[in-house]
Amino acid sequence: MALADLVDIFFPPTCVGCARVLPGRAAFCATCAPEVERVPSIHCLRCCEPGVFKEDVCPRCHLRPPPFSRAFAPFAHAGPISRAVHQMKYEDHPELAAPLGELLAVEARGFLVQAPVEVVPVPLHPARLRERRYDQASLLAQSLARAAGLHVLTDVLVRERRTERQVGRTEAEREANVDGAFGASRDLTGARLLLVDDVFTTGATARAAAAALHASGAVEVQVLTLARAYSL
Ligand SMILES: [Zn+2]
Ligand SMILES: [Zn+2]
């Protein structure tokens with residue numbers, strides 16, 4: 001019996017959406033799989049907001065071009081994906097980061113062809129990391145990097161100011177909440193970086209993080225998240 005089969009007996013694969021034990025290796029069970037919603041292929045080329053837009057750029061990105069060249073997420077922040085993110089982030093299930101990162105590598109392979117290979121996770125503030133005891137974006141980025149052959153730069157991006165949760169805030173409040181919250185710990189002159197986080201909503205966090213990377217010399221920042229909450 002192969003080691004992988006033994007591992008499956010003692011740690012059987014479970015659905016990332018509902019934790020049900022699965023008969024074989026898959027991300028979702030037969031109930032969750034059809035509920036998984038992918039981001040429509042017609043979306044803003046800068047921020048992945050779904051819709052048909054003039055010159056393929058949404059009004060938000062048109063009005064205020066983001067400091068990242070493009071952002072992508074394979075899944076809508078809904079159904080089993082949203083449940084999995086919530087479990088990973090708030091319900092003490094860091095082990096979900098591994099299968100979700102592998103899933104992200106597979107589902108974003110088209111995007112990754114032209115993405116930077118140096119990965120920077122969006123970090124938690126040290127005080128929040130002490131409370132949660134793990135940083136889900138960092139775990140997700142490490143799993144993605146292993147599966148896709150990328151390289152994670154840890155501790156490059158730091159949260160210099162503690163921010164409140166973005167959930168339930170308006171777009172302007174989100175921007176004010178994260179404005180100036182990030183800084184880079186070292187010189188990034190000439191770097192091309194892939195910023196990785198779990199969910200992209202209005203992009204306020206991604207904008208603040210990308211701005212900090214550019215301020216330290218990065219020449220290009222792209223953004224990849226597992227899920228996209230629609231915000232227009
Ligand atoms: Zn399920
Ligand atoms: Zn956009």
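The values are calculated or read from the model by the stated rules, or taken from the named source; none is laboratory data. Please read these numbers as outputs of a predicted model, since none were measured by experiment. Note that we place each Cβ from the backbone using ideal geometry, even for glycine, and neighbour counts take in every protein chain shown.
Any residue at all in the range 61-79 that is of a type in the set (A, V, I, L, M, F, W, C), under 22 Å from Leu100 (Cα atoms), assigned to a strand (DSSP E or B) and within 12 Å of ligand 2 (Cβ to nearest atom)? Checked against the condition, which is being of a type in the set (A, V, I, L, M, F, W, C), under 22 Å from Leu100 (Cα atoms), assigned to a strand (DSSP E or B) and within 12 Å of ligand 2 (Cβ to nearest atom), the range 61-79 yields at least one hit. Scanning the range 152-200 for residues that are in a loop (DSSP other than H, G, I, E, B), closer than 15 Å to Ala211 by Cβ and touching a strand residue (DSSP E or B) at 6+ places or on another chain (Cβ under 7 Å) gives Val156, Glu160, Ala181, Ala191. For the range 202-217, the set of residues classified as over 15 Å from Ala137 (Cα atoms) and in contact with a helix residue (DSSP H, G or I) (Cβ under 8 Å, 6 or more places away or on another chain) consists of Thr202, Gly203, Ala204, Arg207, Ala208, listed by residue number. Take the conditions (1) touching a residue at least 60 places away in the same chain (Cβ under 8 Å); (2) surrounded by fewer than 19 Cβ atoms within 10 Å (Cβ to Cβ); Cys15 misses just one of them, which is (2). Where residues in the range 201-231 are among the hydrophobic types (A, V, I, L, M, F, W, C) and within 22 Å of Val36 (Cβ to Cβ), which of them is surrounded by the fewest Cβ atoms within 10 Å (Cβ to Cβ)? Among those that are among the hydrophobic types (A, V, I, L, M, F, W, C) and within 22 Å of Val36 (Cβ to Cβ), it is Ala229. If we scan the range 10-19, do we find a residue that is away from ligand 2 (no atom under 16 Å from the Cβ) and at positive phi? Yes, because at least one residue in the range 10-19 is away from ligand 2 (no atom under 16 Å from the Cβ) and at positive phi.
Here the range 40-82 is the region considered, the condition is being within 16 Å of ligand 1 (Cβ to nearest atom) and crowded, with 21+ Cβ neighbours inside 10 Å, and the residue that is nearest to the chain's Cα centre (by Cα) is Phe75. Residues that are away from ligand 1 (no atom under 16 Å from the Cβ), of a type in the set (A, V, I, L, M, F, W, C), outside any loop (DSSP other than H, G, I, E, B) and outside the structural domain of Arg132 (by TED's automatic domain parsing) are absent from the range 20-27.
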